[in-house]
């Protein structure tokens, strides 16, 4: 099969990682995978470095032109983002190719957008969600959804990278708590900062590192750290390439999201044996169920602080969380399993099934 993946996002987050991971798996299975992406962005560069055919566009109009020029040369057109599904839906009559859309968010659809969103989702020949939380809205609007969870693949550790990072931020001799999330409203960094402040009232043996690019809460988060006097205990590290290396340094991984379809950074923590404390937002409740992590209510900074303290102080609890989480992620979020499910779905579409 010839499969064109579409992802027009800026930056590098979980969806971009998953797009490239899918492409690698499809190629390994003997298929031709190519990418249509935003010009000059990390995903386009990473895919080209891996030897993939990459079509780039700087604007939505250019993306549509690329689709019209190249799209019919592929058997399947797979939108990995909502914006690319919009253009595929509008051009479907001209492209005459099966359309697949993977929903990677769990945001509720506003009432004023429901009709338009339903129409767009119905234009997809296959609608996929990465979790039950991501599938909830399409199902509420009456659409069938296949759930294919995101996958995670271990990469060899670059210990020199981890060591250099630890030296840069002065982490030696301190317990390390961390998160990997953009500074956006749905990730709720201010609740996380308040949780770290509450933890700081009881101990001084740790540092919290926030990995991730900026967002609409960046200024508020930085101001809150200053207001609470946490400059020595809450460090903004920004976007870090190959952040997977840094999980080897972590004692606890923390997520404070208000909305989350799944949470690939939590999957990383599971894979690299880092215990997780998290809110129960969306797909996070699915991931951390059955004793795979410590769950807290959304927006409850005191519960997050208490959860972090429990995990830091209880070695037996840490061991049990890590064991359960690692067994789960290697079984349920295996990359080969994910790829087989997508490829089987593609083949069924092409056969008219």
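Laboratory data are not the source of any read-out in this text; all were calculated from the coordinates shown. Keep in mind it's a predicted model, so treat the numbers as computed, not measured. Neighbour counts run over all protein chains shown; Cβ positions are idealised from the backbone, glycine included.
Side notes on the structure shown:
- Ranked by the mean number of other Cβ atoms within 10 Å of their residues, highest first, the peptides 208-215, 345-352 fall in the order 208-215, 345-352.
- Cα-only radius of gyration and Dmax that characterise the stretch 120-168, units Å: 19.1, 53
- If the segment from residue 10 to residue 340 were pulled out straight at 0.36 nm per residue, it would be longer than the present Cα-Cα gap by 116.0 nm.
- When both bridge partners sit in the chain, DSSP labels roughly 0% of those beta bridges antiparallel.
- Taking the average, over residues, of other Cβ atoms within 10 Å as the packing measure, peptides 165-174, 42-51 rank 42-51, 165-174 from highest down.
- The angle between the Cα long axis of helix 114-123 and the main principal axis of the chain comes to about 60°, on a 0 to 90 degree scale.
- The stretch 159-332: proportion of alpha-carbon pairs further apart than 19 angstrom, %: 52
- Modelled FRET efficiency - R0 51 Å, residue 350 with residue 202, Cβ distances, 0.05 increments: 0.30
- Pairs of Cα atoms in the stretch 1-151 fall into 10 Å distance bins, from 0 up to the last occupied one, in shares of 11, 43, 37, 9, 0 percent.
- Once both labels are positioned 7 Å from their Cα atoms along Cα-to-Cβ, the gap between residue 143 and residue 226 label points is 4.3 nm.
- Averaging the sequence gap over all C-alpha pairs within less than 8 Å and six or more residues apart, then dividing by the number of residues, gives the chain a relative contact order of 15 percent.
- Using all pairs of distinct alpha-carbon atoms, the Kirkwood hydrodynamic radius of the stretch 228-306 works out to 13.4 angstrom.
- Only DSSP H runs of four or more residues enter the estimate; each adds -39500 (n - 2.57), and after division by the residues of the chain the mean residue ellipticity at 222 nm equals -14000 deg cm²/dmol.
- Top of 309, 223, 151 by mean-square fluctuation, Gaussian network on the chain, Cα under 10 Å: 223
- Diffusion coefficient, µm² s⁻¹, Stokes-Einstein with Kirkwood Rh over alpha-carbon pairs of the stretch 1-80 at 25 °C and 0.890 mPa s: 199
- Computing FRET efficiency as 1/(1 + (r/R0)^6) for residue 258 and residue 174, where r is the C-beta to C-beta distance and R0 is 41 Å, gives about 0.90.
- Gaussian network model of the chain, springs between alpha carbon atoms under 10 Å - residue of 283, 14, 307 with greatest fluctuation: 14
- Remark: spin-label model distance residue 122-residue 32 equals 3.4 nm, labels positioned 7 Å along the Cα→Cβ axis.
- Per-q log10 I(q)/I(0), the chain, q = 0.08, 0.12, 0.14 Å⁻¹ (Debye; single scatterer per alpha-carbon; no solvent): -0.40, -0.89, -1.17
- The stretch between residue 239 and residue 216 holds 6.7 nm of extra length on full extension. This uses 0.36 nm per residue minus the Cα-Cα distance.
- Protection-proxy order for peptides 225-237, 118-130, 176-188, each taking the mean of Cβ atoms within 10 Å per residue, highest first: 176-188, 118-130, 225-237
- Most mobile of 189, 111, 98 in a GNM of the chain (Cα contacts under 10 Å): 111
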